[in-house]
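J.: Mind looking over this structure? Questions follow.
A short reminder: the numbers here are calculations on the coordinates, not readings from a lab. All values reported here derive from a predicted model rather than from experimental measurement. Every residue, glycine as well, gets a Cβ built from its backbone with ideal geometry; the counts of neighbours run over all protein chains shown.
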Amino acid sequence: MAINWFKYAAPSSFYGLAGRLIPWFAWPAAILFCVGLYIGFFVAPTDAVQSEAYRIIFIHVPASILSMMIYLIMAGYAALGLIFNTRLSSMMASALAPTGALFAFISLWTGALWGKPMWGAWWVWDARLTSELILLFLYLGFISLQASIEDPRRADRAGALLAIVGSVNVPIIYFSVQWWNTLHQGSSVKLSGTSMHIAMQQAMFTMLAAMWLYVIAVALLRVRSIILERERNTQWVAELAEVRQ
Amino acid sequence: MNKLSLLDLVNLVIRRDLTLAMRRRADVLTTLIFFVLVVSLFPLAVGSELDMLRKMAPGVVWVAALLASMLSLGRMFSADYLDGTLEQMLLVPQSLSMLVLSKIIAHWMLSGLPLVLIAPVLGLQFDMSGEALLVLVAALLLGTPVLSMIGAFGAALTLGLRGGGVLVSLLVLPLCIPVLIFGAGAVTAVTSGMSAASNLSLLGAFLLMSLLFTPWVAAQALRISME
């Protein structure tokens with residue numbers, strides 16, 4: 001039987017699907033968080049150079065990776081919404097933005113906590129820190145632009161254009177800042193082999209998976225609220241069990 | 001009636017915007033005075049040692065130029081939007097991108113060019129050398145049009161919104177960071193004995209890139225805002 005994928009492009013049918021999917025992402029996320037943190041704090045060995053303080057990377061690195069990925073995914077959804085005029089894609093873009101901003105903030109915050117013992121300063125004007133900060137500003141710009149436009153269709157489309165221009169700019173900003181100054185340690189996870197202990201890798205990838213699942217669960221939860229808010233005057237919302245009571 | 005050619009359109013829009021601005025010179029002067037004022041505030045705030053001032057000068061001038069160009073963005077489309085001219089402009093058969101480009105050029109001539117011209121005088125306040133002043137002017141000449149173009153995109157997106165002025169800065173400033181880095185970097189390179197060529201080439205590349213894309217993107221943003 002062929003599945004009609006486009007069925008779920010309609011907010012009314014996606015609302016129910018999202019509700020059913022959330023536990024399937026939320027519970028594994030919670031379990032993997034516990035496993036990842038356990039490996040990170042109790043199994044992974046103490047680092048030779050950075051001693052115990054390095055353990056914050058189990059939160060810092062996945063959060064940084066996700067803050068960048070979410071921006072691209074958000075821009076992708078926004079572009080889909082702009083090109084094909086699908087309301088749900090635009091709603092997904094708006095649903096992802098606060099989570100992306102949150103991860104950018106966590107990444108900066110944990111980076112500062114890591115920087116103090118390692119570099120002796122809370123904040124260093126290094127390329128990656130600076131571009132992460134700019135990424136946070138881009139998220140905040142997207143959120144505040146959408147918040148200040150009252151008509152949701154205009155908000156979607158204006159936000160989409162901004163997200164697309166932003167994502168074109170992200171590499172330019174990244175390289176500008178990199179040429180400007182760099183002090184950050186190079187990445188330890190490379191495609192050809194790695195300099196990390198196996199338990200550290202396990203902890204890192206478990207945490208990354210946990211955060212991915214968390215992002216999906218939270219985005220689905222938020223998109224459900226957005227759907228309800230935007231479709232509040234429709235028949236199908238009025239007939240929902242949770243609305244009627 | 002003859003059909004207006006593209007060049008005629010560009011010419012017409014630029015001349016119209018310049019005429020309108022000349023009728024209200026205060027608007028143009030305010031931006032310029034703001035720029036001079038902000039630059040002059042820095043020595044008062046950080047002290048007057050010439051060594052430090054020389055080092056800070058390019059950064060201060062560029063940040064002030066960035067802020068001054070934000071100040072005038074609100075005027076780029078809003079007057080035309082309020083009196084309904086913009087709606088008519090969307091209806092002309094010629095390309096909207098070219099029309100937006102003309103408005104950008106007019107905006108730059110009114111807000112970017114005066115900054116470029118006054119910058120050497122401000123540079124002298126900071127005891128910059130002749131060579132550094134030359135590079136500063138060259139960098140501003142290449143960089144300020146990019147600021148106007150990115151600004152046009154922001155202004156088009158926030159057209160008619162409450163609190164548009166602050167919002168447009170929040171949207172546009174992060175996108176302007178590369179220009180700021182290489183603009184100020186060009187002067188720093190010269191004062192530290194290196195060549196400014198790479199910085200100026202990158203600024204030129206930004207100028208060409210944004211010349212190609214931003215008028216079109218800003219036109220799309222206008223269409224979204226005017227629906």
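J.: Roughly how many Å is it from the Cα centre of segment A:7-65 to that of segment B:19-64, as a whole number?
T.: 48
J.: Mean separation of Cα pairs under 8 Å and 6+ residues apart, divided by the residue count of chain A: what relative contact order is that in percent? Walk me through the numbers on the way to the answer.
T.: On the way: 294 pairs, mean separation 84.4, N = 245.
That works out to 34 percent.
J.: Using r as the Cβ-Cβ distance of A:Ser13 and B:Phe213, and R0 as 35 Å, what FRET efficiency do you calculate, to the nearest 0.05? List each step's numbers first, then the result.
T.: Numbers: r = 37 Å, r/R0 = 1.07.
For R0 = 35 Å, the calculated efficiency reads 0.40.
J.: Under a crude label model (7 Å from the Cα following the beta-carbon direction), how far is B:Arg16 from B:Ser198 in nanometres?
T.: According to this spin-label approximation, the distance is 4.6 nm.
J.: Further question: What number, in percent, do you get for the relative contact order of segment A:57-114 if the mean sequence gap of Cα pairs under 8 Å and at least 6 apart is divided by its residue count? Display every interim value, and only then the final one.
T.: Working: 54 pairs, mean separation 28.6, N = 58.
Dividing the mean separation by the residue count of segment A:57-114 yields 49 percent.
J.: Identify the residues of segment A:212-228 with backbone N under 14 Å of a label point that sits 7 angstrom from the Cα of A:Asn4 along the Cα-to-Cβ direction, or state none.
T.: What the label zone holds, given the 14 Å backbone N cut-off, is no residue at all.
J.: Please arrange B:Val172, A:Val43, B:Val10 by counting, for each residue, the other beta carbons lying within 10 Å of its beta carbon, fewest first. Numbers along the way, then the final one.
T.: Numbers: B:Val172 23, A:Val43 14, B:Val10 19.
Final ranking by Cβ density, sparse to dense: A:Val43, B:Val10, B:Val172.
J.: Per residue, how big is the convex hull of chain B when only Cα atoms are used? Give it in Å³.
T.: 121
J.: May I ask you to list the residues of segment B:113-133 whose amide nitrogen lies under 20 Å from a point 7 Å from Cα along the Cα→beta-carbon direction of B:Leu67?
T.: It comes to B:113-127, nothing else.
J.: So what's the angle, to the nearest 10 degrees on a 0 to 90 scale, between helix B:130-157 and the longest Cα principal axis of chain B?
T.: With rounding to tens, the tilt is 30 degrees.
J.: Across segment A:124-129, in residue order, what do the Karplus-derived ³J(HN,Hα) couplings come to in whole Hz, using 6.51 cos²θ - 1.76 cosθ + 1.60 with θ = phi - 60° and x for Gly and Pro?
T.: 10, 7, 9, 4, 6, 4
J.: With +1 on the Cβ of every Lys and Arg and -1 on the Cβ of every Asp and Glu, and nothing else charged, how large is the dipole of the protein assembly as shown about its Cα centre, in debye rounded to the nearest 20? Please list the in-between numbers first.
T.: Working: 27 positive and 22 negative charges, 150 e Å.
With Lys and Arg at +1 and Asp and Glu at -1, about 720 debye.
J.: For chain A, what does -39500 (n - 2.57) per DSSP helix run (n ≥ 4), summed and divided by total residues, give at 222 nm, in deg cm²/dmol to the nearest 500?
T.: Values: 8 runs with 181 residues, N = 245.
That comes out to -26000 deg cm²/dmol.
J.: Let me ask something additional. Lys and Arg at +1, Asp and Glu at -1: add these up for the other residues within a Cβ distance under 12 Å of B:Leu157 and post the number. Don't skip to the end; give the middle numbers.
T.: Numbers: positive: A:Arg154, A:Arg157, B:Arg223; negative: none.
Around B:Leu157, the surrounding residues sum to +3.
J.: What ranking of A:Tyr15, A:Tyr8 emerges when the number of other C-beta atoms within 10 Å of each C-beta is taken as an exposure proxy, fewest first?
T.: On the way: A:Tyr15 20, A:Tyr8 16.
Ordered from fewest to most neighbouring Cβ atoms within 10 Å, A:Tyr15, A:Tyr8 come out as A:Tyr8, A:Tyr15.
J.: Stokes-Einstein at 37 °C, 0.692 mPa s, Kirkwood radius from Cα pairs: D for the protein assembly as shown in µm² s⁻¹? Write down the numbers at each step before the final one.
T.: Numbers: Rh = 24.9 Å.
The calculation lands on 132 µm²/s.
J.: Separate question: I need the calculated FRET efficiency for the pair A:Ala241 and B:Leu90, taking r as the beta carbon distance and R₀ as 41 Å, to the nearest 0.05. Show your work: numbers first, answer last.
T.: Values: r = 46 Å, r/R0 = 1.12.
The formula returns an efficiency of 0.35 here.
J.: Tell me, rounded to the nearest percent, the portion of alpha carbon pairs in chain A spaced more than 22 Å apart. Please report the intermediate quantities before stating the final value.
T.: Values: 17993 of 29890 pairs.
Of all Cα-Cα distances in chain A, 60 percent exceed 22 Å.
J.: Return one number: the angle in degrees, 0 to 90 and rounded to the nearest 10, between the long axis of the Cα atoms of helix B:25-46 and the longest principal axis of the Cα atoms of chain B.
T.: It works out to around 30 degrees.
J.: Now for a different question. For helix A:11-38, report the angle its Cα long axis makes with the longest principal axis of the Cα atoms of chain A; keep it between 0 and 90° and round to the nearest 10°.
T.: Compared with the principal axis, the helix lies near 20 degrees.
J.: Order of A:Trp122, A:Trp109 from fewest to most other C-beta atoms within 10 Å?
T.: Numbers: A:Trp122 11, A:Trp109 14.
Arranged by neighbour count, lowest to highest, A:Trp122, A:Trp109 become A:Trp122, A:Trp109.
J.: So if I take the centroid of the Cα atoms in segment B:78-96 and the same for segment A:75-131, what is the distance between those two points in Å?
T.: The two parts, judged by their Cα centres, are 36 Å apart.
J.: Each residue of segment A:99-105 in turn: what ³J(HN,Hα) in whole Hz from Karplus with 6.51, -1.76, 1.60 and θ = phi - 60°, glycine and Pro shown as x?
T.: 5, x, 4, 4, 5, 4, 5
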